[in-house]
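Here's the structure, in structure tokens; my notes come after.
The values are calculated or read from the model by the stated rules, or taken from the named source; none is laboratory data. A quick note: this is a predicted structure, and the numbers were derived from the prediction, not measured. Positions of Cβ are backbone-derived with ideal geometry, glycine not excepted, and every protein chain shown enters the neighbour counts. Surface areas here come from the heavy atoms of the whole protein model, side chains and all, with no ligands, DNA or RNA. Shrake-Rupley method; radii C 1.70, N 1.55, O 1.52, S 1.80 Å.
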Amino acid sequence: MPSLTTSLPRLASYIDHSLLHPTLTDAEILSGLDLAKAHSVAAACIKPYSIPLARKALAGSPVRICSVIGFPHGNSTTAMKLAEAKDAMLSGAHEIDMVVNVGKVLSGDWEYVRDEIFVINRAVTSIPVDGFVDYKTGLLKVIFENDFLGEEQIVRLCEICTEVGVAYVKTSTGYGFVKQAGGGYLYRGATPGHLRIMRERCGPGVKIKAAGGVRMLDELLYVVSLGVERVGATATVEILEEARRRGVGEEEGVSWPGVSMLTSGDASTAFGS
């Protein structure tokens, strides 16, 4: 299997550390923010009310504040999502992760879907951001919730997001549980098949974020090999500690011991196909 040139900082730069579970207390969120800061991940992904806490906890660090809106089911009106996005940005967020209106996607009401994405993206990208970030205004990530969608809907969303010019498209919320015939619920999150479609059908200016199911180092390396540039994860410590155990250090290396890309066959056994 091919080796990978990487380092702990590079691996951390792919991770949006997720702090979105509804039961998280303020103390647990603060602990997660401290963890994000200690590892210099790309962003801490939080609920909107946590933005003031995040501003204090992440002050002086390069970690971006990413707020979700319309989360987790995307059912709010466009006006409500717009108000939520503006409030989050003006409160100190650098990035917004917005859930599409899944019902409208499945209904084929593409005008509604496009208009909503356009309005939110225009608002987010019109607001300047401060801090140690490499962009001057906010950026939008559009969450598809692929577990609910077919390939046709995913492709059309990729086309719309490319046309609108959003920064990222994102696979899942982590909470898109699909009811099965027997009454149970199934959730897959990011899958290699969906990630390939998203990379192939989005324009080169749109980046991909994988969320849901990426819990191990090899899984992160594999989705990166598919063109993913951000990964939503709760298992940040486990991923980085595994990398450290396998010889990855602070400096870039040409062939770190034990660090390799998964083949597509291996990946299907690691997480969803």
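Condition check: in a strand (DSSP E or B), at pLDDT 95 or above and closer than 29 Å to VAL99 by Cα. Does GLY205 satisfy that? No: the conditions fail for GLY205.
Under the condition of being under 22 Å from HIS194 (Cβ atoms), in a helix (DSSP H, G or I) and of a type in the set (Val, Ile, Thr), the residues counted in the stretch 222-245 number 3.
As a summary of the residue check, LYS86 satisfies the conditions (1) touching a residue at least 24 places away in the same chain (Cβ under 8 Å); (2) crowded, with 21+ Cβ neighbours inside 10 Å except for the one numbered (2). Does GLY108 meet the test of being open to solvent by 20 Å² or more (accessible area, probe 1.4 Å) and farther than 15 Å from THR137 by Cα? Taking the combined requirement at face value, the residue satisfies it.
Going through (1) modelled with pLDDT of 95 or more; (2) farther than 20 Å from PRO72 by Cα; (3) touching a Leu at 6+ places or on another chain (Cβ under 9 Å) one by one, ILE160 falls short only on (3).
Among the residues making up the stretch 122-135, none is under 19 Å from the mean Cα position of the chain (by Cα) and more than 23 Å from VAL63 (Cβ to Cβ).
Of the strands (runs of 3 or more DSSP E) lying entirely inside the stretch 95-190, those containing at least 1 residues that are hydroxyl-bearing (Ser, Thr, Tyr) are 168-170.
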